[in-house]
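Read through the structure below, which is laid out as structure tokens, and then see the notes.
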Amino acid sequence: MTIDPNYHSYDPNDPYNIIGWTAQNMLAGPGYPAVSPPAPFPADITVQTVTATYMVEGGLPLPGSVLIQADRRYRDKATGDLVVPNARRIKVTNGALRADLPASDDPHLDEPFHYSVHEVVPGGGKFMINVPYNLAGPLRLHDLVVDTAYKPIQPPRIYTISPRLGGF
């Protein structure tokens with residue numbers, strides 16, 4: 001497999017160009033293999049489908065991606081499984097977004113939580129959502145917005161070993 005060195009652009013609307021995010025977090029695309037599917041959530045946790053549509057006036061779809069991350073760790077009461085927040089980047093394809101997220105107020109969890117959402121699309125925003133347990137899906141992303149201060153999504157930490165220069 002070869003990787004096209006000219007694939008990356010510095011276009012701010014390019015979903016692969018997110019400041020602070022590194023090549024380790026690239027979406028699958030031309031020259032980039034698909035990542036392994038995520039492990040399933042604990043079986044008793046309700047997972048809801050969340051959708052959104054991104055377009056400009058006239059109906060043309062917008063390119064981009066959306067970053068979604070739980071604002072804290074949560075635990076399944078029955079199994080004791082701990083789920084640690086991890087920023088998920090979901091590509092907006094032909095103006096459509098679809099994501100499966102655990103319900104943030106599921107009674108099987110230790111306590112309710114929210115999700116931070118960072119839209120990387122032209123005119124996108126940063127906000128918090130609550131994914132309800134008891135509604136039939138699919139749910140519309142922008143109908144889930146809650147009036148809570150946005151908790152920033154941190155870029156992943158990169159661990160490197162570097163030699164000390166000088167001194168000791």
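No lab work stands behind these numbers, since they all come straight from the coordinates. This structure is a prediction, so every number in the text was calculated from the model and none was measured. Cβ coordinates were reconstructed from backbone atoms using ideal geometry, including for glycine residues, and neighbour counts include every protein chain displayed.
In plain terms, the chain from residue 100 to residue 75 could stretch by 7.2 nm, reckoned as 0.36 nm per residue minus the Cα-Cα distance.
Each label was represented as a point 7 Å from its Cα along the Cα-to-Cβ direction; for residue 154 and residue 86 these points are 1.7 nm apart. Dipole size of region 111-157 about its Cα centre, with +1 on Lys/Arg Cβ and -1 on Asp/Glu Cβ: approximately 180 debye, rounded to the nearest 20. Distance between the pseudo-spin-label points of residue 93 and residue 145 (7 Å out from Cα toward the beta carbon): 2.6 nm. Spin-label model, residue 136 to residue 57: label points 7 Å out along the Cα-to-beta-carbon direction sit 3.7 nm apart.
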